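Reading through the structure tokens given below for one structure.
The values are calculated or read from the model by the stated rules, or taken from the named source; none is laboratory data. Given the structure is predicted, the values throughout are model-derived calculations rather than measurements. Positions of Cβ are backbone-derived with ideal geometry, glycine not excepted, and every protein chain shown enters the neighbour counts. Calculation scope for accessible area: heavy atoms of the full protein, side chains included, ligands and nucleic acids excluded. Shrake-Rupley method; radii C 1.70, N 1.55, O 1.52, S 1.80 Å.
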Amino acid sequence: MATGSLLPALLVLIGALLQAAGSANTSVQPQKAIIPRGGSVNVTCLATCDQNATLGLETPLTKRPVNNGSNWVTYELSGIQEDSAPICFSNCGANQTGASISLTVYWFPESVELAPLPQWQPVGENFTLHCKVKGGEPWNSLSVLLLRGKEVLDRQPVEGHPAEVTTTVLARREDHGANFSCHTELDLRTQSLGLIQNSSATRQLRTFVLPEIGLRLAAPRIMEVGTQLPVNCTLDGLFPASEAQVYLALKDQRLEPTVKYSSDSLCATASVRVNAGEEGIQQLRCTVTLGNQSRRTGEKVTIYSFPAPNLTLSESEVPEGTMVTVECKAHPGAVVTLNGAPVGTPGSSARFTLNASAEDNGRSFLCSAVLEVDGIKVYKNKTQNLVVLYYRQNNLVIIILVAAAALSCIVGTAAYLYNRQRKIREYKLQKAQEASNIKLNTPP
């Protein structure tokens, strides 16, 4: 026999039993039900009455009679959106009685969302997880879990629409790159409907450590125009070091550092070249940025220009006995020392005159200039040599000239003698020929 044909017989039996009890009463089947939101349910109203009772169902829900019999009627309630308590009533003669049914609606959360996490979170500081849940009933069976990976950080009931559940978490180093999410559980296992779960999208946290102190900038206190010197900026104890950004600049000139990272430190090195026109006190700055925080430090650098002094001799090659002037001039502000010059008031120039002697041949003159820059003394030197032509040098010239004259005389004398002998030979030959001709022309 089908279930549909058993229900009227069952209801008649129940009514007969109630009637046999000798009381006029109203009952409802089932007395409570849990249904999905928007679903429907059949409700049967029954009456115990010794005559045909008038039955009805009071409810704002959409209802439709689907079956009836002696002292019972079945209604279909549909489109149920929220919890409700319909009331069955019956009129048995002059008596009216009633009974209510408890209808509980369940529905899954429409959305579960974990609010965005901080872009960067300092280690050792608290941050808050915000989980927003829209929809979901019954509330007493709905809870929210806040998770770090698979670890449950907190579990809370849901109250209200929409609901927001929060929990506070202490950021750790190991949380860098960790996934956080929230999870809903609608527990209907007591109604044999199981455990219905839903999860939000995960959000990844990035944590960092940026020490308040310890940023070091190593740079020379003074720099000369035209030179190139290294500077470096270091910081220990940061995490994750490889995520840090370094900015190095001299005044408005941004430098291009080479950055070396270790597990918890960095060292940025750059070369600084200063040009003419930048003289004076300049600020060298280093900034390290990690997460949403920065640390800064700076050093003052004095830029100076200091060319080598100019050392001149009035003549660098002179005969012995010539007066020679030696002069040294340096950059304004410098103090020069010129060997051989008389001691006088220190200044940026010095000079003296000497009578060149043989002892001065090959003499080296040294001009030393010193400039004080930010309490540091800087030195520049220049040397110049003197050549003196003295008697030992003149004798050599005379010897050469005499030798040349003697050689010329010898050559001239030899040429004269050779020519004289040639003429004598020619003369004697001519006389011999003349004598021979005379003898040939004389008669016998």
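Here are a few things to note about the model shown:
- Amide H contacts under 5 Å for Phe306, placed H, 5+ residues apart: Val225
- Coil-residue GluC sites (Glu not before Pro) of the stretch 304-393, DSSP, other Cβ within 10 Å capped at 15: Glu315
- Inter-label distance, nm, simple model (7 Å from Cα along the C-beta direction), Thr297/Leu193: 6.4
- Burial order of peptide ranges 333-339, 360-366 (average beta-carbon count within 10 Å, highest first): 333-339, 360-366
- You can think of it this way: the chain between Asn91 and Val343 has 76.9 nm of extra reach, that is 0.36 nm per residue less the Cα-Cα gap.
- If R0 equals 35 Å, the separation of the Cβ atoms of Glu174 and Ser111 corresponds to a calculated FRET efficiency of about 0.70.
- Assigned charges on the beta-carbon of Lys, Arg, Asp, Glu; the stretch 282-374 dipole about Cα centre (debye): 880
- Ordered by solvent-accessible area of protein heavy atoms (1.4 Å probe), largest first, the residues Met323, Met223 come out as Met323, Met223.
- Peptide packing: for 64-72, 99-107, the average count of neighbouring Cβ atoms within 10 Å per residue gives the ranking 99-107, 64-72, highest mean first.
- Residue-averaged [θ]222 nm for the chain, counting only DSSP H segments that reach four residues, each worth -39500 (n - 2.57): -5500 deg cm²/dmol
- Global dimensions of the stretch 285-399 from alpha-carbon coordinates: Rg and Dmax equal 23.6, 91 Å.
- Going by accessible surface with a 1.4 Å probe and the largest first, Glu279, Glu212, Glu164 read Glu212, Glu164, Glu279.
- Working from label points 7 Å from Cα in the Cα-to-Cβ sense, the Ala218 to Ser40 distance is 8.5 nm.
- FRET E, pair Ala358, Tyr416, Förster distance 41 Å, beta-carbon r, rounded to 0.05: 0.40
- Cross-link pairs exceeding 23 Å in C-alpha to C-alpha distance, out of Lys63/Lys134; Lys300/Lys382; Lys32/Lys134; Lys329/Lys377, comprise Lys63/Lys134; Lys300/Lys382; Lys32/Lys134.
- Rolling a 1.4 Å probe over the protein heavy atoms of the chain, with every protein chain left in place, gives an accessible area that is 51 percent carbon and sulfur.
- Kirkwood Rh and Cα Rg combined as Rg/Rh, the stretch 122-248: 1.31
- Percent of Cα pairs in the stretch 55-133 per distance bin of 10 Å, from zero to the largest separation: 14, 29, 17, 11, 11, 10, 6, 2.
- Rg ratio for the chain: its Cα radius of gyration over 2.2 N^0.38 Å, N being its residue count, equals 2.70.
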